[in-house]
1. For segment B:46-57, which positions are part of a loop (DSSP other than H, G, I, E, B) and either in contact with a Gly (Cβ under 7 Å, 6 or more places away or on another chain) or within 14 Å of chain A (Cβ to nearest Cβ) (or both)?
2. Based on what the data block shows, is B:Thr229 within 13 Å of chain A (Cβ to nearest Cβ), buried (at least 20 other Cβ atoms within 10 Å of the Cβ) and closer than 30 Å to A:Val87 by Cβ?
3. Residue check: is A:Lys358 within 14 Å of another protein chain (Cβ to nearest Cβ), free of Cβ contacts under 8 Å to residues at least 24 places away in the same chain and not aliphatic (A, V, I, L, M)?
4. Which of (1) free of Cβ contacts under 8 Å to residues at least 40 places away in the same chain; (2) surrounded by 14 or more Cβ atoms within 10 Å (Cβ to Cβ) is the odd one out, the single condition B:Trp203 does not satisfy?
5. Name, by its number, the condition in (1) farther than 24 Å from A:Gln171 by Cα; (2) among the hydrophobic types (A, V, I, L, M, F, W, C); (3) touching a Leu at 6+ places or on another chain (Cβ under 7 Å) that does not hold for A:Phe234.
6. Do the conditions hold for A:Gly262, that is, is it over 28 Å from A:Pro393 (Cα atoms), of a type in the set (Gly, Ala, Ser) and within 14 Å of chain B (Cβ to nearest Cβ)?
7. For the subset of segment A:400-418 comprising residues that are hydrophobic (A, V, I, L, M, F, W, C) and within 7 Å of chain B (Cβ to nearest Cβ), which member is nearest to A:Tyr209 (Cα to Cα)?
8. Considering only segment A:105-116, I want to know if a residue exists there that is closer than 23 Å to A:Asn213 by Cα, touching a residue at least 12 places away in the same chain (Cβ under 8 Å), touching a Pro at 6+ places or on another chain (Cβ under 6 Å) and not aromatic (Phe, Trp, Tyr).
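The values are calculated or read from the model by the stated rules, or taken from the named source; none is laboratory data. All of these numbers come straight from a predicted model, not from anything done at the bench. Reconstructed Cβ throughout: ideal geometry from the backbone, glycine too, with neighbour counts over all protein chains shown.
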Amino acid sequence: MQIKKSAMILGSIFALASFSTQAATEITFWHSMEGPLGERVNEIVDNFNQKQSDYKIKPTYKGAYGESMNAGIAAFRAGQAPDIIQVFEVGTATMMFSKGAIKPIQEMSEEVGNPIDPKKFVPGIAGYYSEPNGKLASMPFNSSTPVFYYNKDMFEKAGLDPNTPPKTYAQINEAAKKLKEAGIECGYTTSWPSWVLVENFAALHNFPYASKNNGFDGLDARIQLTQDGFVKHFNYLNQMAKDGTFTYGGRGDAANALFSSGKCAMFTGSSGSRASFTKNAQFKFGISTLPYYEDVPGAPQNSVIGGASLWVFNNKSPEVNKGITEFFQYIASPEVAAKWHQDTGYVPVVKEAYELTKASGFYDKNPGTDVPFIQLNVETTDESRGVRLGFLPQIRDIQDAEMENIFAQKVSVEEGLENMQKRANELLQRFENSNK
Amino acid sequence: MEKRVVFNHKLLPYLLLAPQLLITVIFFFLPAGQAIWQSFFIESAFGGDQQFVGLDNYTALFNNSYYFDSFKVTFAFSIAVAVTGLSVSLLLAVMADRVIKGAMLYKTMLIWPYAVAPAVVGVLWAFLFSPAVGTLAVYLTQMGLDWNPRLDSTDAMALVVMAAVWKQISYNFLFFLAGLQSIPRSLIEAAAIDGASPARRFWTIVFPLLSPTTFFLLVINMVYAFFETFAIIDTTTQGGPGSSTNILVYNVYKTAFKSFDYGSSGAQSVILMFIVILLTIIQFRYVDRKVQY
C-alpha cells in the first residue's frame, strides 16, 4: 500500500515535471467514480500522463452520475464545458440527441487520423453506444450488467445444492419455498427493479421493449409493456410476492443491504456489486446467470448493460481532440482494460481484455466473475440491444412506482403495466417534441 | 422646535435598502422570473433548440392525473408536518420551560437537530427504519407491527413526516420557548390563586398569548413542508411507494434534475409558487384576525 502510494506521488511529480518542461495540452475529465473506483481512475490517468508528455489529463470527481450530468449541462450552457464527461447509460439518449453539444468519438478519432476501431469492443456494449450509422458516439468505459447472486450457506441450510444455482424463475420459486421451510424469510429480491425486471427481462427473452427497435431507430419510439410476455412475468412475480417467496426490496440499490446482511438468500443486482459483497458479506456466496422462463423460445438471449461511457464535448481544438483520442486508445488497450475489469468488477469492454484475463487464470481464482461477459457476449438482436429512450430516468421511476402499486396489491398487473406504458409514452411524446 | 430627527438626504434610504433589495432581486426575482419564462418553452437538455409552446406545459400537467395526486399528497404531508411539528414542539417547550435543573442542557440538546442538513436527516431516518435491516424497523417488527415503507404508503408517509418534523422541532421549540418566557408570571400566578388547574391555565392564558408565535410558526412550517423537504424525500422514499410521497417540490426536482425537462419543471415551480403565495395570503387574511397580539 505504502509503495503504491509513493509510486503514485512519484507519478504525479513526473507528470508535473513533464508539464513544466514542455507546455502539455490540458484535458479536463469529469467523472463519477468515488472511493476505490476513483483511485483506479486516477491511477489510469497518472499512468497515461507519465507515458507521454504532450497531453495532461486532469480528472475531477463531479459527484454521482446525476449530479455530474447536471453539472455538465450547466457548464455547457455557460460555455465552460469540460473536454470529457462520464455519463450513465440512462443519459445516453439525451446525450446522443443533443446535436451540436457532443462530438461523436469515432468521428473525432478519424478526423485526427488515429481511428478508434469499434470492432475491438464487446458487440453488446459497442452497439449500445453506437449511432444508427454504426459509429461509436461515446467511449465504452465502465459497463456492468445484472447477475444472479445466491447465499451458499443458506442453500446448505435449506438442503439445496450450493453448487447448482437455480437457472429459471420456476427453479428460483422452488428454491425459495425450500428456503422458507428452513426458516429463511426472504427467498428472492432484486435491486434496480426497473432495470432488472423490465429492461433486462425484455432483452433476455427477446421481447421488444419499445417500438422503433427499442428507440434505436428514432425519436417516435413508444413503449410496449402490455404484451403477454410482460403480463405473464409480473403475474408470476406477484404470485411469488403473495406466497412470500419474492420480496420487493425498494428502488435503486436499496435491496443490496438485504442480500449482504444475510436476510435474502437469492438476489439479482449489478455485477459491479461483487466487490462490496466480497468485502461485507459474512457468508459464502455464488454468482450465476440471470433467471429466465424456459417456455419462451430463444431465451436466454443476452442481458443489457448499465454503467457509464465517456462523452466528448463539441468544438474543442484539434490538439485537444488528438489528446482525447490518444487517451481513449490507451484505456482501450487490452492491458489497461483488463486491469480495470479485474480491479473493479466492471465488464471487460474490450474483447482482448477478456482473453487476457482468462489466460491469467483470474476467472478460475474468482469463480463467477466471467458471468457478465458470458451474458453479454451473445449476438444481439434488435430487441436485446438495450433501450435508447429519452427521459429514461423518469420512465424507470414510473415503472418502479407502478411495480410498487402492483406488489402492494393496489392495482392489478394489467392496470399497472398499462399505467407504466401510458405515463411513459406521454413523456416520450414530450421528448420527441423537445428534440425536433 | 422640531423634535423629530429628520434625514434630508434623499438618496440615503435607498442606499440603505439597496443591499437587501439586491439580494432579493438576485436570489428571488431573477430565478422566479426565469422559471416563469422557461415554463413557456420546451427545449433539449443542452438548450439547443428552444421552442415557444405557450401554455402547453401547463395544460400537459393538468391533463395528467398523477399531478393531481401529487397535490393531495402535498397537502396531506404539509398539514401533517405542521400540526405534528407544532404540537410536539409546544409540548417540549412547555416541559422545558418548567425544568429548573439542567435547563440549559435540555434546551441545547433540543436545538441540535436544526443544524443537520435535510439530506442527512433523510439518510438517518431511512437507515433506522429500513425494513429488515434498520435498528428501529427490526424493533417494530418484533413488536408485531408489519412495518414496510417500501410497499405500504401509510408507513412511508409516516416515515417522511417523522423525519421532516424531527428536523423542524428545534426551530419551533426555540420560538415557543421564547414565547412562553415572555408571558408575565403574574397572570399565571393570579389564575393559580383563583384555583385554575394547570390545564385550564394553559388553555385560557398561555395558549391564547402564544397565538402570534403559533401563527408565525404555522406559516413557516407550511412553507418548510412545501419547499425544503425534497432532500428528505429523495433520501428516504424517492416519492414511493407508487406516488404516495411524491410531493410537488420533489416532482419539480425530479423533472428538472433527473429528466432535464426544464419547461415542465418551470411550469411546476410557477404553480407551486402560486400555491404558496395563496396560502400565505389566506393565512394572513383569515387566521391572522383570530390571533391576539
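1. Matches in segment B:46-57: B:Phe46, B:Gly47, B:Gly48, B:Asp49, B:Gln50, B:Val53, B:Gly54.
2. When the stated conditions are applied, B:Thr229 does not pass them.
3. Against the criterion (within 14 Å of another protein chain (Cβ to nearest Cβ), free of Cβ contacts under 8 Å to residues at least 24 places away in the same chain and not aliphatic (A, V, I, L, M)), A:Lys358 does not qualify.
4. Tallying (1) free of Cβ contacts under 8 Å to residues at least 40 places away in the same chain; (2) surrounded by 14 or more Cβ atoms within 10 Å (Cβ to Cβ), B:Trp203 fails exactly one: (2).
5. A:Phe234 satisfies all of (1) farther than 24 Å from A:Gln171 by Cα; (2) among the hydrophobic types (A, V, I, L, M, F, W, C); (3) touching a Leu at 6+ places or on another chain (Cβ under 7 Å) except (1).
6. yes
7. Ranking the qualifying residues of segment A:400-418, first place goes to A:Ala401.
8. no
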